[in-house]
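Okay, so here's the structure we're looking at.
The values are calculated or read from the model by the stated rules, or taken from the named source; none is laboratory data. Please read these numbers as outputs of a predicted model, since none were measured by experiment. Note that we place each Cβ from the backbone using ideal geometry, even for glycine, and neighbour counts take in every protein chain shown.
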Amino acid sequence: MKPETKPPTSPVLDYLEQLHREFAAVKDGDVATYIPGLAKANPNWFGICLVTATGAVYEAGDSRQPFTIQSISKPFVYGLALEDNGRTEVLKKIGMEPTGDAFNSISLEPGTGRPRNPMINAGAIATTSLIAGKSAHTRLQRLLDMFALYTGHGVTVDESIYRSESETGHRNRAIGHMLRNFDILTSDPIPSVELYFQQCSVSVTARDLGIMAATLANRGVNPVTGKQAIRGEYVESILSVMGSCGMYDYAGEWIYKIGMPAKSGVAGGIIAVLPGQLGIGVFSPPLDAHGNSVRGIKVCDAISRHCDLHLLNRPNIGKSAIRFKFTGAELNSSRVRTQEESQVLSQSGGGIKVYQLQGHLSFITAEAVVRDVIGDFDATQQLILDFKRVLTLNESACRLFYEILLKLAEQGKPVLFTHTGHMPLLRRYLKAKLGKRFEKLFQPFDDNDLALEWCENRLLKNVLPARPARQRARVVEYELCNHFTLGELKTFASFLKRQSYKAGETIIHIGAEAQEIFLLARGGVSVFVPQAGGARRRLATFSAGMVFGEMAAIDRAPRSAMVVADTEVECDVLSLDNFDRLGVSHPATKIKLLKNLNLSLCHRLRKANRELSLFD
Ligand code: GLN
């Protein structure tokens, strides 16, 4: 037996540990002492945590060491104030301009008296005063509940740090009174200042900070718990003020070099957020002259450079939305066609355009799609847009699809949408815009195959003369009986047994022993294979005159797919016993039969090969 080997560690983790080793050696900076409780911190504490927006958590060093969140609470409380009051009300009280001053500067905007931004203490105290709740207790509880959503667990106030700051926080009280003087605070400032001290004393770890940052990176949804901590629409406001003001008088250099919205606290914590991608939390108490963690800045700077994370240096994603494009001449639906129909499809199916879309549909990615459609407008008769692999879709993309739908509809060209179940916004948007025309113009399909069949049928109806609905195929019309003489037809007919099925009935079960070949006399049947999650995929649909279930006649293997009657169905069944007997009594007829069988398998193999090479 092979000894069990441990799976290797992640290279991301190895990297964080290497950074940790490297920067643990840095001994610059001083632990904050102006809040006496903070002075007790061990300057060697050093934790790093990186969390992806998809919920992977990587930790190195003292990532579980508790400390107080301090100013890192400010952007999160700002988010709650926005939810409680709306953006307009909040902006009446607090601006959004960086000051270039220290965090505790006593600076208000001349004229309005507004604190310039919510990241300096004056703005943060004004923000805290906007938190809804009848009593001091409820307001604090609401803050703690909010932090619990961000961290994924209950949080508490570190009472000794809170008391320590409250006993010495005269400057912040002065700021509170000044805000009261300018009517930014409209009642006694002290309860708001106390609540501010409490929010700053919430106990967290570097791991918590990483997850909180990743929650902002994930549009407000905690990627570890899946819970929404803040409405997505406010995340941009939080990140904006972090981007411009989060690092106080170091904000400009920070965004220039590291390029991520960030926030630091005097206990030594820092968070950095790369929207849509990841969050970083670092903890190391010694601070530089700006009040930012020395090692924290070094770690963020290194990660940003090594991993190429600068927000303003992003790749071109314009062409990423079109995964694959094909026409109805290159690929057909799984409805098996007659030769005549197949010919029409290969000649004129080019007017059916199918776009498989993927990834994130926003203005710029959707623009590339509609540009392509417009570029091919004259050659397009019917358009299928497949959303199966689309991850997100925003309103500006919806708008472009709506406009393109109108342009095609004006020319009588249908647009079919497939796999839109996970895109409720698209449906809502089109419904609102199209009004009464919605039912007619919005044509959703469960999958591409059905949409393609719909387009093919429409094309065939326009091109081929209308055929009377076939009553029932005579033996001479079976594709399996091509080139049979009258005598052979008669002999063959005597080997067949008539069988009927109701619509929806399963004619062939997966795994069953094969005992017969089916010649479809009337109605239609479809072949399916089951897929994960209970769904099933259609492999083929047959109509009268065609043969099915013939593969097992050749290799005698158990049935590998299920066949279901789409309508009421009549079949002429050739048992495998009779198939064998025919060879003994009428070998020449059997040879013709086998030739025809070969031909039908050949057609299907060719189609499968075309599909494979097309999708390669
Ligand atoms: N509670 C601290 C203060 O108001 C927060 C400051 C900070 O972390 N920069 O002084």
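Side notes on the structure shown:
- The stretch 23-61, residues that are hydrophobic (A, V, I, L, M, F, W, C), within 16 Å of the ligand (Cβ to nearest atom) and loosely packed, with under 15 Cβ neighbours inside 10 Å: 39
- A single member of 594, 601 is farther than 22 Å from residue 453 by Cα and in a helix (DSSP H, G or I), and it is 594.
- Taking the criterion of being more than 12 Å from residue 248 (Cβ to Cβ) and either within 15 Å of the ligand (Cβ to nearest atom) or assigned to a strand (DSSP E or B) (or both), the residues of the stretch 108-122 that qualify are 108, 115, 118, 122.
- Filtered residue count, the stretch 182-192, keeping only those that are more than 11 Å from residue 136 (Cα to Cα) and either within 13 Å of the ligand (Cβ to nearest atom) or surrounded by 20 or more Cβ atoms within 10 Å (Cβ to Cβ) (or both): 3
- Of the helices (runs of 4 or more DSSP H) entirely within the stretch 384-452, those holding at least 2 residues that are surrounded by 14 or more Cβ atoms within 10 Å (Cβ to Cβ) and without any contact (Cβ under 8 Å) to a residue 40 or more places away in the chain occupy 395-410, 424-434.
- Lone unmet requirement of (1) closer than 30 Å to residue 589 by Cα; (2) in contact (Cβ under 8 Å) with a residue 24 or more places away in the chain; (3) touching a Leu at 6+ places or on another chain (Cβ under 6 Å) for residue 483: (3)
- Residue count for the stretch 543-563, restricted to those that are surrounded by 20 or more Cβ atoms within 10 Å (Cβ to Cβ) and among the β-branched types (Val, Ile, Thr): 2.
- Residue match in the stretch 258-274 (condition: farther than 13 Å from residue 213 by Cα, more than 28 Å from the chain's Cα centre (by Cα) and more than 16 Å from the ligand (Cβ to nearest atom)): no
- Residue list for the stretch 83-105, restricted to those being within 16 Å of the ligand (Cβ to nearest atom) and modelled with pLDDT of 95 or more: 94
- Residue in the stretch 199-217 that is within 12 Å of the ligand (Cβ to nearest atom), surrounded by fewer than 21 Cβ atoms within 10 Å (Cβ to Cβ) and more than 25 Å from the chain's Cα centre (by Cα) present: no
- Each residue in the stretch 123-143 was checked for being in contact (Cβ under 8 Å) with a residue 40 or more places away in the chain, under 23 Å from residue 156 (Cβ atoms) and in a helix (DSSP H, G or I), and 10 pass.
- Scanning the stretch 290-319 for residues that are among the aliphatic types (A, V, I, L, M) and either under 10 Å from residue 259 (Cβ atoms) or away from the ligand (no atom under 16 Å from the Cβ) (or both) yields 299, 302, 303, 309, 311, 312, 317.
- Selection count, the stretch 540-574, where residues are in contact with a helix residue (DSSP H, G or I) (Cβ under 9 Å, 6 or more places away or on another chain) and closer than 18 Å to residue 480 by Cα: 13
- Of the strands (runs of 3 or more DSSP E) contained entirely in the stretch 498-583, those carrying at least 3 residues that are without any contact (Cβ under 8 Å) to a residue 60 or more places away in the chain fall at 516-522, 525-530.
- Filtered residue count, the stretch 275-289, keeping only those that are among the polar types (S, T, N, Q) and within 16 Å of the ligand (Cβ to nearest atom): 1
- The stretch 240-257, residues that are away from the ligand (no atom under 12 Å from the Cβ) and under 25 Å from residue 158 (Cα atoms): 242
- Enumeration of residues in the stretch 347-370 that are within 21 Å of residue 612 (Cβ to Cβ) and loosely packed, with under 15 Cβ neighbours inside 10 Å: none
- Every residue from the stretch 422-444 that is within 16 Å of residue 361 (Cβ to Cβ) and of a type in the set (A, V, I, L, M, F, W, C): 423, 425, 426, 430
- Residue that is farthest from residue 126 (Cα to Cα), among those in the stretch 167-181 that are within 10 Å of the ligand (Cβ to nearest atom) and not basic (Lys, Arg): 168
- Enumeration of residues in the stretch 288-322 that are modelled with pLDDT of 95 or more and closer than 30 Å to residue 608 by Cβ: 321, 322
- Test: residue in the stretch 158-174 that is among the β-branched types (Val, Ile, Thr) and under 30 Å from residue 51 (Cβ atoms): yes
- The stretch 144-168 - residue that is assigned to a helix (DSSP H, G or I) and aliphatic (A, V, I, L, M) and, of those, surrounded by the most Cβ atoms within 10 Å (Cβ to Cβ): 161
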